[in-house]
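Notes follow once the structure below has been shown.
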Amino acid sequence: MRKVAFVTGGSRGIGYGIAEHLAKAGFDLAINGVRPEEAVGEALNGLQELGADVIYCQGDIASKDDRSRMLEQIRAHFGRLNVLVNNAGVAPKERRDILEATEESFEYVLSTNLQGAYFLTQAVANWLVQQKTESADFEGGIITISSISATVASVNRGEYCIAKAGLSMATQLFAARLGEFNIPVYEVRPGIIRTDMTAGVVGKYDKLIDEGLTIQKRWGYPDDVGRAVAALARNDFPYSTGQVIMVDGGMTIPRL
């Protein structure tokens with residue numbers, strides 16, 4: 001029986017790169033996004049062509065009702081879930097210095113990037129435990145996509161950094177709690193990834209990369225993140241729960 005993965009924000013960017021590699025690894029997929037299904041048809045078709053049974057779960061992970069509805073949709077279609085990939089996230093609508101940032105922006109970013117992911121993980125964790133209890137052979141796991149912003153300070157988007165730092169602790173918490181059930185939990189921390197979210201700063205980072213910002217002198221791509229997530233989802237790292245996988249081209253290695 002094929003395993004099932006739920007990828008939030010999986011219809012484009014990093015999420016789609018992850019979904020592609022999971023499909024290639026033999027997973028069936030539940031793909032979440034906020035856009036109407038007709039707007040993501042091409043992406044869904046691409047995943048189906050890789051052999052996956054794919055459903056689209058439209059919804060906002062910041063919404064408790066949407067989270068519950070999407071999990072019920074997965075339960076009704078597949079009857080099971082093996083892997084959650086917490087990938088959906090938003091950037092501040094307007095970057096502002098932390099001395100001027102608003103509570104509205106803080107709440108907007110954290111409700112999706114931290115609170116929504118945290119409570120979706122809670123709900124999925126309970127479902128995984130239930131399945132593990134019913135079948136000792138069940139294999140499942142949780143993979144959260146955070147960011148180098150979990151530790152690299154950007155004073156013009158403090159709310160984003162705080163949300164990602166919170167996700168890092170959430171990974172450790174759920175890893176500790178689910179250890180008794182042998183359900184691993186991981187964090188993947190991308191660096192500068194070429195997506196629509198970074199489209200407005202291409203020139204800036206082209207220059208910085210050329211000047212040595214990263215050890216590997218290139219942008220990261222969704223494919224790079226997808227490869228890492230697929231390895232974790234396949235359980236290629238069975239004795240590494242709670243750990244951080246860096247996908248940043250060596251950017252965060254301290255250098256003189």
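The values are calculated or read from the model by the stated rules, or taken from the named source; none is laboratory data. This one's a predicted model, so the numbers in the text were calculated from it and none came from an experiment. FYI the Cβ positions are ideal-geometry reconstructions off the backbone, even for glycines, and counts take in every protein chain you see.
Restricting attention to region 188-208 and to residues that are out of contact with any helix residue (DSSP H, G or I) (no Cβ under 9 Å at 6 or more places or on another chain) and not charged (D, E, K, R), the residue that is nearest to Thr144 (Cα to Cα) turns out to be Ala199.
Considering Val34, Val40, Val4, the condition of being among the aliphatic types (A, V, I, L, M), farther than 19 Å from Leu81 by Cα and touching an Asp or Glu at 6+ places or on another chain (Cβ under 7 Å) is satisfied by Val34 alone.
Here is a yes/no grid of residues against (1) surrounded by 22 or more Cβ atoms within 10 Å (Cβ to Cβ); (2) of a type in the set (A, V, I, L, M):
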position	(1), (2)
Tyr16	yes, no
Lys24	no, no
Pro36	no, no
Leu44	no, yes
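Residue count for region 235-246 under the criterion of being surrounded by 12 or more Cβ atoms within 10 Å (Cβ to Cβ) and in contact with a helix residue (DSSP H, G or I) (Cβ under 9 Å, 6 or more places away or on another chain): the result is 8.
Within region 9-31, being closer than 19 Å to Gln73 by Cα and under 11 Å from the mean Cα position of the chain (by Cα) holds for Gly9, Gly10, Ala19. Tallying residues that are assigned to a strand (DSSP E or B), more than 27 Å from Leu110 (Cβ to Cβ) and not aliphatic (A, V, I, L, M) within region 52-65 yields 0. If you take the residues in region 188-230 that are touching a strand residue (DSSP E or B) at 6+ places or on another chain (Cβ under 8 Å) and assigned to a helix (DSSP H, G or I), which one is farthest from Leu256 (Cα to Cα)? So the residue we want is Val229.
For region 7-26, the condition of being under 19 Å from Asn126 (Cα atoms) and in contact with a helix residue (DSSP H, G or I) (Cβ under 9 Å, 6 or more places away or on another chain) holds for at least one residue. Residues that are among the charged types (D, E, K, R) and modelled with pLDDT under 95 are absent from region 78-85 altogether. The set of residues in region 106-165 being in contact with a Phe, Trp or Tyr (Cβ under 8 Å, 6 or more places away or on another chain) and acidic (Asp, Glu) consists of Glu159 alone.
Checking each residue in region 147-187 for being β-branched (Val, Ile, Thr), farther than 13 Å from Gly242 by Cβ and not in a helix (DSSP H, G or I) picks out Thr151, Val152, Val155. Taken over region 1-51, the criterion of being in a loop (DSSP other than H, G, I, E, B) and over 11 Å from Ala88 (Cα atoms) is satisfied by Met1, Arg2, Lys3, Ala25, Gly26, Phe27, Arg35, Pro36, Glu49, Leu50, Gly51. Across region 120-147, which residue is farthest from Met1 (Cα to Cα) among those that are touching a strand residue (DSSP E or B) at 6+ places or on another chain (Cβ under 8 Å) and among the polar types (S, T, N, Q)? Per the criteria, the residue is Ser147. Please go through region 187-218 and pick out each residue that is in contact (Cβ under 8 Å) with a residue 24 or more places away in the chain and under 19 Å from the mean Cα position of the chain (by Cα). Glu187, Val188, Arg189, Pro190, Gly191, Ile192, Ile193, Arg194, Thr195, Asp196, Met197 - these are the residues of region 187-218 that are in contact (Cβ under 8 Å) with a residue 24 or more places away in the chain and under 19 Å from the mean Cα position of the chain (by Cα). Restricting Arg227, Arg218 to those that are of a type in the set (Lys, Arg), surrounded by fewer than 14 Cβ atoms within 10 Å (Cβ to Cβ) and either touching a Leu at 6+ places or on another chain (Cβ under 7 Å) or modelled with pLDDT of 95 or more (or both) reduces the list to Arg218.
Pairs are defined by a Cβ separation below 8 Å, a sequence spacing of at least 6 or placement on different chains, a first member in region 47-74 that is free of Cβ contacts under 8 Å to residues at least 24 places away in the same chain, and a second member that is outside any strand (DSSP E or B); the pairs so defined are Asp66/Gly59; Asp66/Asp60; Arg69/Gly59.
Condition test on Thr121, is it farther than 20 Å from Asp248 by Cα and touching a Leu at 6+ places or on another chain (Cβ under 7 Å)? The answer is yes for Thr121.
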